[in-house]
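Reading through the structure tokens given below for one structure.
The values are calculated or read from the model by the stated rules, or taken from the named source; none is laboratory data. These numbers come from a predicted model, not from an experiment. For neighbour counting, all protein chains shown are included, and Cβ atoms are generated from backbone atoms with ideal geometry for every residue, glycine included.
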Amino acid sequence: MASKRILIKGGKIVNSDSSQISDVYIEDGIIQDVGQNLQPDNIADVKVIDARSKMVIPGGIDTHTHMEFPFMGMCTVDDFYTGTQAAVAGGTTMIIDFAIPQKGCSLIEAYDTWRNWADPKVCCDYALHVAVTWWSEKVKEEMAVLVRDKGVNSFKLFMAYKGLYMVNDMEMYQACSACKEFGAIAQVHAENGDLIAEGAKKMLSLGITGPEGHELCRPEEVEAEATQRAITIANSVNCPLFVVHVMSKSAAKVVANARREGKVVFGEPIAAGLAIDGTNYWHKDWSHAAAHVMGPPLRPDPSTPQYLMHLLANDDLSVTGTDNCTFSTCQKALGKDDFTKIPNGLNGVEDRMSVVWEKGVHSGIMDENRFVAVTSSIAAKIFNMYPRKGKIAKGSDADVVIWDPEATRTISVKTHHQAVNFNVFEGMVCHGVPLVTIAGGRVVYENGTLHTVPGHGKYIPRKPFADYVYSRILQRDEVCQPVPVQREPYKGEVVQLK
Ligand code: URP
Ligand code: ZN
Ligand code: ZN
Ligand code: ZN
């Protein structure tokens, strides 16, 4: 299984721009060649995988996970080992997680802490976004160091979680200005945290203590308003923006409209939001309802998942993450009498690829090339890892999945590889199954069996000023500056102020 040389024969190579039947030859963790009838030397040492009638796709990139995340008094049950094992079992070969400092604390220390947690455990490659949860000159200096020396080119701002991570408009403005200066992309959790805090008090005063209160206290417009505000603030300093976990039709429309107005903004729906809806919060079984609690919430409007999928297919939305942030039932039960105490988060890292295939491709909404675009290539472009990641091509990292578009699997907590004891996709039958996952040139999953080794994954540093994001931004700086009107000076009378 530790074979360093792999030949994938006869598969349909699916990239974001085209598909073609080819062989793929892998050695030393890199795709060495893509072409017809490849015949590497010493074939006896080579692991040959027959991929005829199967697809060969770039391994998925999950743009949004929280493994072993200490949050709301708990720590998520999936750590960087079980979390990345689940990822590769589902055809994802890279995750981007979040290092999140407490207010007043060092961003670099948070980054180091997350590296120390992740490095020994990851069994696929990973990168880190870093959150800006407060503002000072020191924060700005640390952002510069993270960009220059630590391979970070994305910073998340929370407009919600009042008192914990929430920043105000001025802090957002400063952070967006710094992102722009350093060539990073600002990310935003777009919900109005003040309205949520007031809404929550109101629900509790009405005697609504169950998970339905979580949605009722933060309806769609609370997300849409913050999304619009974030876009306005980022755009005012010509900073590119990435809206994480777009959960509602209203917020997705705001992102789509902004893109049509030419704003450099990207929207990230998550697997759960593309497949299930917020009616689950009204489920009679408390633990079922609580398992779906995340922020922003899934929306009760049952047309939401398909609506988001259509926008994703049409490039109004750009990539898919999961916000995988798993708490078990007994942890969720901290909020059994008060929905505000239910730790927020749900699963997805293992199931994203199959869920997007089923709801997106099998349903006829998007084609196989768009599937690759929204599950890996565009993420690699936005976060400046393309074509090292997100492409099957000579010289790219050997993160490759043999994908069976016809096979089906039924998602269940009984068979998933995650540590969490609930799966929000329970019972969903998905076409699109990963048969073999190759991460960093190693077969890490094959025909239902994991061959993962903790620590085999690598941290992937990312450079600033990604062309995909910044070429328009920099050009606008050149040519779109406001200019003063040249006019004769006013020579008339001027009133005297007393
Ligand atoms: O509910 C959520 N989304 N939990 C993870 C933290 C975040 O806001 O992404
Ligand atoms: Zn968030
Ligand atoms: Zn998140
Ligand atoms: Zn189907």
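Given the conditions (1) under 17 Å from HIS64 (Cβ atoms); (2) touching a Pro at 6+ places or on another chain (Cβ under 6 Å), which single one is not true for GLY278? Status for GLY278: all satisfied but (1). The number of residues in region 321-361 that are within 16 Å of ligand 1 (Cβ to nearest atom) and within 18 Å of the chain's Cα centre (by Cα) comes to 13.
One residue stands out among those in region 286-320 that are closer than 30 Å to GLY210 by Cβ and hydroxyl-bearing (Ser, Thr, Tyr): the one that is nearest to the chain's Cα centre (by Cα), which is THR320.
In this structure, THR375 does not satisfy being among the polar types (S, T, N, Q), touching a Cys at 6+ places or on another chain (Cβ under 7 Å) and more than 16 Å from ligand 2 (Cβ to nearest atom). The residues in region 229-254 that are assigned to a helix (DSSP H, G or I) and more than 16 Å from ligand 1 (Cβ to nearest atom) can be counted, and the count is 12.
Considering only region 277-285, I want to know if a residue exists there that is small (Gly, Ala, Ser), under 17 Å from the mean Cα position of the chain (by Cα) and within 20 Å of LYS249 (Cα to Cα). Looking for residues that are small (Gly, Ala, Ser), under 17 Å from the mean Cα position of the chain (by Cα) and within 20 Å of LYS249 (Cα to Cα), one finds none in region 277-285, hence no.
For region 428-448, the count of residues that are in contact (Cβ under 8 Å) with a residue 24 or more places away in the chain, away from ligand 4 (no atom under 15 Å from the Cβ) and closer than 30 Å to GLU215 by Cα is zero.
Restricting attention to region 46-98 and to residues that are away from ligand 1 (no atom under 16 Å from the Cβ), closer than 9 Å to VAL349 by Cβ and polar (S, T, N, Q), the residue that is surrounded by the fewest Cβ atoms within 10 Å (Cβ to Cβ) turns out to be THR92.
If you filter region 147-165 down to residues that are surrounded by fewer than 23 Cβ atoms within 10 Å (Cβ to Cβ) and on the phi < 0 side of the Ramachandran plot, you find that the one that is nearest to the chain's Cα centre (by Cα) is LYS156.
Within region 258-273, does at least one residue satisfy the condition of being within 16 Å of ligand 3 (Cβ to nearest atom), in a helix (DSSP H, G or I) and either under 22 Å from the mean Cα position of the chain (by Cα) or surrounded by 18 or more Cβ atoms within 10 Å (Cβ to Cβ) (or both)? Looking through region 258-273, at least one residue is within 16 Å of ligand 3 (Cβ to nearest atom), in a helix (DSSP H, G or I) and either under 22 Å from the mean Cα position of the chain (by Cα) or surrounded by 18 or more Cβ atoms within 10 Å (Cβ to Cβ) (or both).
Considering only region 453-469, I want to know if a residue exists there that is assigned to a strand (DSSP E or B), modelled with pLDDT of 95 or more and surrounded by fewer than 23 Cβ atoms within 10 Å (Cβ to Cβ). Within region 453-469 (the criterion being assigned to a strand (DSSP E or B), modelled with pLDDT of 95 or more and surrounded by fewer than 23 Cβ atoms within 10 Å (Cβ to Cβ)), the answer is yes, since at least one residue qualifies.
Screening region 470-498 for residues that are assigned to a loop (DSSP other than H, G, I, E, B) and within 48 Å of the chain's Cα centre (by Cα) and picking the one that is farthest from ASN235 (Cα to Cα) gives GLN486. The numbered conditions (1) under 17 Å from ALA271 (Cα atoms); (2) touching an Asp or Glu at 6+ places or on another chain (Cβ under 7 Å); (3) surrounded by 16 or more Cβ atoms within 10 Å (Cβ to Cβ) are all true for PHE422 except (2).
Of all residues in region 13-41, those satisfying the criterion of being in a loop (DSSP other than H, G, I, E, B) and either in contact (Cβ under 8 Å) with a residue 24 or more places away in the chain or under 28 Å from the mean Cα position of the chain (by Cα) (or both) are ASN15, SER16, ASP17, SER18, ASP28, GLY29, LEU38, PRO40. Remark: THR375 falls outside the filter, which requires a residue to be within 16 Å of ligand 3 (Cβ to nearest atom), within 21 Å of THR410 (Cα to Cα) and buried (at least 24 other Cβ atoms within 10 Å of the Cβ). Go over the candidates MET353, MET309, MET294 one by one and state the one that is more than 24 Å from LYS381 (Cβ to Cβ) and either surrounded by 23 or more Cβ atoms within 10 Å (Cβ to Cβ) or at pLDDT 95 or above (or both). Exactly one residue qualifies, and that residue is MET294. Within region 393-414, the set of residues being buried (at least 18 other Cβ atoms within 10 Å of the Cβ) and in contact with a helix residue (DSSP H, G or I) (Cβ under 9 Å, 6 or more places away or on another chain) comprises ASP399, VAL401, TRP403, PRO405, ARG409, ILE411. Of all residues in region 322-329, one or more are more than 20 Å from LYS249 (Cβ to Cβ) and either assigned to a helix (DSSP H, G or I) or away from ligand 2 (no atom under 16 Å from the Cβ) (or both).
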